[in-house]
Amino acid sequence: MSDDTPSDDVAVVEIEDSIDLHGFQPRDIPDVVVSYIEAAFDKGYREVRLIHGRGKGVQRSRVQQVLQSSPYVDSYRDAPATRGGWGATVAWLKPPSS
């Protein structure tokens, strides 16, 4: 017996020190970033890179808005040229509470 009702596809992503956001729908980016930052913090990462692409800067702005409001993020800035430049953002996560 098959169910023909649509289901929400859930992408399971291995948590690493960077994430390429190109594979996600633009509407999902804020939620993906929130989940990724929380998981990276839980995994003990202190620095992560979020690859959002250059384009017109819309995704960059959305990503950085999420980082600005995250309780896990200490600071962030555009990646250096060798790590993606304006097409990526590097975030430094807060140390775990003792």
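Read-outs: derived from the displayed coordinates by stated rules, not from any lab. The shown structure was predicted, so the numbers you read here are calculated from the model rather than taken from an experiment. Neighbour counts are summed over all protein chains in view; Cβ atoms, including those assigned to glycine, are modelled from backbone coordinates with ideal geometry.
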Gain on full stretching of the segment that runs from Asp42 to Ile15 - 0.36 nm per residue minus C-alpha separation: 8.7 nm
Compute, for the chain, the length of the dipole vector about the Cα centre, with Cβ point charges of +1 (Lys, Arg) and -1 (Asp, Glu) only. Units Debye, rounded to 20. 780 debye
Residue (of His22, Gly57, Ala91) at the positive-pole extreme of segment 18-93, dipole from beta-carbon charges: Gly57
Quickly work out the Val58-to-Thr82 label distance, labels modelled 7 Å from Cα along the C-beta direction, and quote it in nm with one decimal. 3.4 nm
Normalised alpha carbon radius of gyration of segment 18-93 [divisor 2.2 N^0.38 Å]: 0.97
Most mobile listed residue (Val33, Val58, Val48) in the chain, GNM with C-alpha springs under 10 Å: Val58
So for Thr82, Thr89, fewest C-beta neighbours within 10 Å to most, what's the order? Thr82, Thr89
Simple spin-label model, 7 Å along Cα-to-Cβ: Asp74 to Ser35 in nm? 2.7 nm
